[in-house]
Amino acid sequence: MSTEGQFPRLSAVASRVEIVPATGSTNADLVAAAAADPGALPHLAVLLTHDQTGGRGRLDRTWVAGPGRALAVSVLVRVSAIPVAARGWIPLAAGAAMTHAVAAQLPQHSVRMKWPNDVLVDGNKICGILAEVVPGDADAVVIGSGVNTTMPADELPVPTATSFAVLGAVADEDALIADYVDGLDRALAALAGGASDAVRSSVQTVCATIGREVRVSLPDGSTVSGRAERLDDDGRLVVASDVGERALSAGDVVHVR
């Protein structure tokens, strides 16, 4: 589908842009396409829709929005040039890139990132991100994001969510996703060039989790509570509690208010 008239800025940044009227999951679709023909999809291939019916979040939670209420975007990135030891920063770099993109559109609000990559506006979630390695091609990663755009307050999934509409704003979707993809690409280039410290600094600058009391739900069903002290060299969240420090590579964080 031609996108020049709908997303001209994004089309200038991405290698390929496909818009579908509806789908179950842009991530699932892009992962399946990349796995079916390894190497065929180029770096920064983008798939997006305004009607996603079966999106997934962390810990296999479902993510659903009414038609036209949110923008679901998945980007395929090729990471063969990034050292394996630095790849843990990829999801965090995506979160930081989206945080900057959202902040550019909402200058009167506080836009921060909750580890590992949820985007918060005034403390409420406006965007979630999920990164998945393509089966059979460890050097290809699909990064999906869901941005609440026109969703009204009575359709928000939880009281801690928000949207551009709730904030009284209209998202410039073309600029938003173009800025996000461009920022993501620059961060990946930095990781490939050995500048993981620069990416770490960028992530820490926007991360609202560091220094907060948190409760983290882990993939095995257990929970860790304590103070989020820092990010380690691999991008893991270091949480200090009465039993010592623990570095977490995955989990769903709640900022304890």
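The values are calculated or read from the model by the stated rules, or taken from the named source; none is laboratory data. In this text, all values refer to a predicted model and were calculated from it rather than measured experimentally. Cβ sites come from the backbone with ideal geometry, for glycine too, and all protein chains shown count toward neighbours. Accessible surface is based on the protein model in full, side chains and every heavy atom, while ligands, DNA and RNA are left aside. Shrake-Rupley method; radii C 1.70, N 1.55, O 1.52, S 1.80 Å.
Hey, what number do you get for the chain at 222 nm if only DSSP H runs of n ≥ 4 count, each worth -39500 (n - 2.57), divided across all residues, to the nearest 500? Don't skip to the end; give the middle numbers.
Numbers: 5 runs with 64 residues, N = 257.
That comes out to -8000 deg cm²/dmol.
If you place +1 on the Cβ of every Lys and Arg and -1 on the Cβ of every Asp and Glu, how big does the dipole about the Cα centre of segment 88-198 come out, in debye to the nearest 20? Walk me through the numbers before you get to the answer.
Values: 4 positive and 14 negative charges, 74 e Å.
It comes to approximately 360 debye.
Quickly work out the Ala36-to-Arg215 label distance, labels modelled 7 Å from Cα along the C-beta direction, and quote it in nm with one decimal.
4.3 nm
I'd like to know which of Val243, Val119, Val147 lies farthest towards the positive end of the charge dipole of the chain, counting +1 on Cβ of Lys and Arg and -1 on Cβ of Asp and Glu.
Of the listed residues, the answer is Val243.
If each of Val238 and Ser80 carries a label point 7 Å out from its Cα toward its Cβ, how far apart are those two points in nm?
For Val238 paired with Ser80, the spin-label model returns 3.5 nm.
Placing +1 at every Lys and Arg Cβ and -1 at every Asp and Glu Cβ, with all other atoms neutral, what dipole size does the chain have around its Cα centre, in debye to the nearest 20? The partial results should precede the final answer.
Details: 20 positive and 29 negative charges, 105 e Å.
For the chain, the charge dipole is close to 500 debye.
What is the extension gain from Ala250 to Asp154, computed as 0.36 nm multiplied by their sequence separation minus the C-alpha to C-alpha distance, in nm to one decimal? Numbers along the way, then the final one.
Details: separation 96, 0.36 × 96 = 34.56 nm, distance 3.05 nm.
Between Ala250 and Asp154, full extension yields an extra 31.5 nm.
In debye, nearest 20: dipole of segment 125-257 around its Cα centre with unit charges on the Cβ of K, R (+) and D, E (-)? Don't jump to the answer; show the numbers that get you there.
Details: 10 positive and 21 negative charges, 122 e Å.
Its charge dipole is roughly 580 debye.
So how do Val79, Val254 rank on accessible area, 1.4 Å probe, biggest first, that is with the largest at the start?
Heavy-atom accessible area, descending, gives Val254, Val79.
For the chain, which DSSP H helices look membrane-span-like by this rule: Cα extent along the axis of 24 Å or more and mean Kyte-Doolittle of at least 0.5?
Values: long enough: 173-192 (28 Å, 0.55).
What comes out of the filter, once short or polar helices are dropped, is 173-192.
Would you mind computing, in nm to one decimal, how far apart the modelled labels at His43 and Ala198 are, each placed 7 Å from Cα along Cα→Cβ?
With each label point 7 Å from Cα toward Cβ, the separation is 1.5 nm.
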